[in-house]
1. For ASP284, state whether it is crowded, with 22+ Cβ neighbours inside 10 Å, of a type in the set (Asp, Glu) and farther than 19 Å from ARG204 by Cα.
2. Can you tell me how many residues in segment 273-303 are under 13 Å from LEU329 (Cα atoms) and among the aliphatic types (A, V, I, L, M)?
3. Could you run through segment 242-261 and say how many residues are under 18 Å from PRO365 (Cα atoms) and among the small types (Gly, Ala, Ser)?
4. May I ask you to list the residues in segment 326-341 that are more than 19 Å from VAL189 (Cβ to Cβ) and of a type outside the set (Lys, Arg)?
5. Specify which of the listed residues (LEU266, LEU285) is of a type outside the set (Phe, Trp, Tyr) and modelled with pLDDT under 95.
6. Which residues, counting only those in segment 18-38, are touching a strand residue (DSSP E or B) at 6+ places or on another chain (Cβ under 6 Å) and of a type in the set (D, E, K, R)?
7. Going residue by residue through segment 25-40, is there one that turns out to be farther than 24 Å from GLY180 by Cα, surrounded by fewer than 19 Cβ atoms within 10 Å (Cβ to Cβ) and in the same structural domain as PHE311 (by TED's automatic domain parsing)?
8. Out of (1) more than 27 Å from GLY316 (Cα to Cα); (2) part of a loop (DSSP other than H, G, I, E, B), the odd one out for ASP460 is which?
Amino acid sequence: MAFASFRDWVRHLDQAGELKRIQQPLATELEITEWADREMKSPGGGRALLIENPTVQGRPSPFPVAINTLGSWKRMALSLGAESVEAAAAELGALLQAKPPTGFREAVRLLGQAIELRHARPKSVREAPCQEVVHRFDPAPSRSEPWPAAPDILRGERTPEFPPTLRDLPILKCWPSDGGRFLTLPCVVTQDPDTGERNVGMYRIQVYDGQTVGVHWQLQKVAARHGRRYYETGRRMPVAIFLGGDPMFPFAATAPLPDGMDEFLLAGYLRRKSVELVKCLTVDLEVPADADFVLEGYVDPQEPLRQEGPFGDHTGYYTLPEPYPVMHLTALTHRRDAVYPATIVGVPPMEDFYIGSASVKLFLPVFRMNFPEIADIALPAEGVFHNLVIVSIRKTYPMQAYKIMHGLWGMGQMMFTKYIIVVDDDTDVHNTSEVLFRLCANTDPQRDSLFSRGPADVLDHATSEVAIGSKLGMDATRKLPGEGFRRPWPPLIRMDPAVKERVGKMFNL
């Protein structure tokens, strides 16, 4: 189902009993993180939080903060308008089965066709709620200029004649050693200057002052590729950052879509309604009309990079400072009833576990289009997304597990995976205890391990060099004679089903 705003989504969570309202003032500096961290680590992901009176450096912000809104399986299903994430994945899988692909390019084409079966591409509109309040910025001040002071306006007394700056938004400082305040749930819109293809990605944004921010798009990200072309030509790069609106926007921004596929197309499919886009006021980009906040601006290739960070990251460790591009704001627009969306990352489990796992479930049919032997895939929370991937397969020939390892390492963000464990299809990949049992029981370390090298996550602090690392694949499947195994493979101990049923009835087990 489609949500008209982030407030509409939060209201839906409230009606479903999935929201805690916090009325007492809570500081955006560390205090919101502490409460949210406890909630995210509660059984099942706890509940979403609505902080109705957040403070920024001791002053009340005119905007409430909502956090952990996607941090459970139930809330992910609600955002998809489905009974479960599995049900949404099954629907997409049914569309994709219309015609088996003959190769990867064909698979990508079929994915786009399947998504468009239900909804047309995004459509443009002239007026939008996200532009109800507009603040245009004067040319950028010098870096030595002090942070502009916020108007001393109490909550509820603000009018559209006094639009806020970044100083007033309830942007979080999440962890004690963070380099400042960070937008943690931003959708960043960029465009390829050669092809015109749009990309919507999620990259943390550090606030430097009231008019400049640091954009942390990593080396292998699409926005970074767009940026390199602008740096080569010396032209200013337009950038738009939006927050809020339908919860499918941040989900689509983080989804492992094939390169070149429009994230707004996926969002429209998932929300069962085409995304309405409005042109920005100061840059030549489009953003969702129902977003809550929009930051417009540009990156100047003639300007040197600036240190960004530290930041308490999803790896569970701080990302140390590195140079990244600076975005200068030309406008900040928002809805009058805007709700500020946020998340935090850190030592797992966190909200991002449910978002990432839902992506894997949803795109499992896409993986199966290329690897039909795959039964299931899991990314345990301890692997912080891509550090550990567990995949079960229906094994029919020797070395099939190694084919899967190489294949997954060659697919998009899977290139960052440090460890891949392949098990047989009778293993529950979501049961870490069962997976470890199969790994320990079914492997000879020297025979069943595969070391490789390739791209690494820029955020990985353990690699000897930035963005370059090694990988380990482990074949925990049963071994076949063609794999050099010359002994009989023993059967797994299982009770007779009739006995299990009889004893269960006898003792109501």
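1. Answer is no for this residue.
2. Qualifying residue count for the region: 5.
3. Matching residues across segment 242-261 total 2.
4. ASP337, VAL339
5. From the options LEU266, LEU285, the qualifying one is LEU266.
6. Of all residues in segment 18-38, those touching a strand residue (DSSP E or B) at 6+ places or on another chain (Cβ under 6 Å) come to 18-22, 25-29, 32, 36.
Those that are touching a strand residue (DSSP E or B) at 6+ places or on another chain (Cβ under 6 Å) and of a type in the set (D, E, K, R): GLU18, LYS20, ARG21, GLU29.
7. So far as segment 25-40 goes, no, none of its residues is farther than 24 Å from GLY180 by Cα, surrounded by fewer than 19 Cβ atoms within 10 Å (Cβ to Cβ) and in the same structural domain as PHE311 (by TED's automatic domain parsing).
8. (1)
The values are calculated or read from the model by the stated rules, or taken from the named source; none is laboratory data. No experiment lies behind these values; they were computed from the predicted model shown. As a convention, Cβ positions derive from the backbone with ideal geometry for all residues, glycine included, and neighbour counts pool all protein chains shown.
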